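So the structure is just underneath, and the comments pick up after that.
The values are calculated or read from the model by the stated rules, or taken from the named source; none is laboratory data. A quick note: this is a predicted structure, and the numbers were derived from the prediction, not measured. Don't worry about glycine lacking a Cβ; one is built from the backbone with ideal geometry, like all the others, and counts go over all protein chains shown. For the accessible areas, the whole protein counts, side chains as well, though only heavy atoms, and no ligand, DNA or RNA atoms are used. Shrake-Rupley method; radii C 1.70, N 1.55, O 1.52, S 1.80 Å.
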Amino acid sequence: PRSTLDRSSAAADVYKRQMIKGTAIAFQDYSVLGDSRWIGVDNFTAVLFDPQFWFSLGVSMLYAVMFMVFGFGAPIALAFLLNEVPKGTILFRTVYYLPAVLSGVVVIFLWKMFYAPEGLLNEVLNGLVWIINHVPGVDLVEQSGDWLQNPRWALFMCLLPTVWAGMGPGCLIYLAALKTVPEELYDAADMDGAGIRQKIFTVSLPVIKVLIMINFIGAMIGAVRGSGGFVLAMTGGGPYTERGGVTEVVGLKLFYTTFGDLRFGVGAAMAWVIGSILLGFTVFQLKRLANVEFRTASS
């Protein structure tokens, strides 16, 4: 309908104006009071030569790598498991999808209670310690600290709620893709004497490879760009060391710079640097997808 097209066109115009204004702010010593002045590339220089920015970018890269190892692979593995369940598939799908229905605030506070000194995680670990300490010669110390204040584990603990909440929806997508694998391929693999591992790596994964590659792009960008919200609520970027916050991802660094320090020009320049990195990664992955041959089901 024309009204829908008009709204889409108006939204595109607003987005273009915001892009142009954001670009202009990146070259200004911007002030909300209106006395902004042009300073050229000084904002970009401040970003590129800021050790804190590169440290936060490194934290984001580490977070993204951990997310790809645990959060990206978990739905695929879970989809293969659900695909082999003979009974109760609807029940299992519902159970695994339930975390995605919960509000993000509920997920955050739920896991923060788990990580507290008197939380469920310490209770479980201390129960195991109590059992192991019954072995002669073993005397383990019970855990009583806050996991979110532990510099070694804080970033990983911030990752787990995201993996837990996103595993169900991703699993259903891959499960639907697995249902499109022709049974004739599995029958041919059985005739060749292939086992479960051979079927997965020679039949199932090649068929859904394109879907995995497309989701890989979105998951990587989302891990770098969208991790700041969860981390802000979980730790606020801490605990802090001499180098910086061990959980202060680059999105959180951008938020603090722009709205905490009111350095809007530096924040806009930082956003363009981050966007350029993600854009380069996306173009590289799209070139790989360009070499993939797409076919319809009939062919």
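A few points about this structure:
- Among the candidates 178, 172, residue that is within 25 Å of residue 218 (Cα to Cα) and open to solvent by less than 20 Å² (accessible area, probe 1.4 Å): 178
- Residue check for residue 248: open to solvent by less than 70 Å² (accessible area, probe 1.4 Å), out of contact with any Lys or Arg (no Cβ under 6 Å at 6 or more places or on another chain), under 19 Å from residue 51 (Cα atoms) and among the acidic types (Asp, Glu): yes
- Residue that is farthest from the chain's Cα centre (by Cα) [pool: residues in segment 142-166 that are open to solvent by 50 Å² or more (accessible area, probe 1.4 Å) and at pLDDT below 90]: 142
- Hits in segment 113-141 (condition: more than 30 Å from residue 223 (Cβ to Cβ) and either modelled with pLDDT under 90 or not in a helix (DSSP H, G or I) (or both)): 118, 133, 134, 135, 136, 137, 138, 139, 140, 141
- Taken over segment 149-199, the criterion of being β-branched (Val, Ile, Thr) and in a helix (DSSP H, G or I) is satisfied by 162, 163, 173, 196.
- No other residue among 54, 111 is open to solvent by 60 Å² or more (accessible area, probe 1.4 Å) and among the aromatic types (Phe, Trp, Tyr) apart from 54.
- So residue 289, is it surrounded by fewer than 17 Cβ atoms within 10 Å (Cβ to Cβ), closer than 25 Å to residue 77 by Cβ and modelled with pLDDT under 85: yes
- Qualifying residue in segment 12-29 (condition: touching a Ser or Thr at 6+ places or on another chain (Cβ under 7 Å) and surrounded by 12 or more Cβ atoms within 10 Å (Cβ to Cβ)): yes
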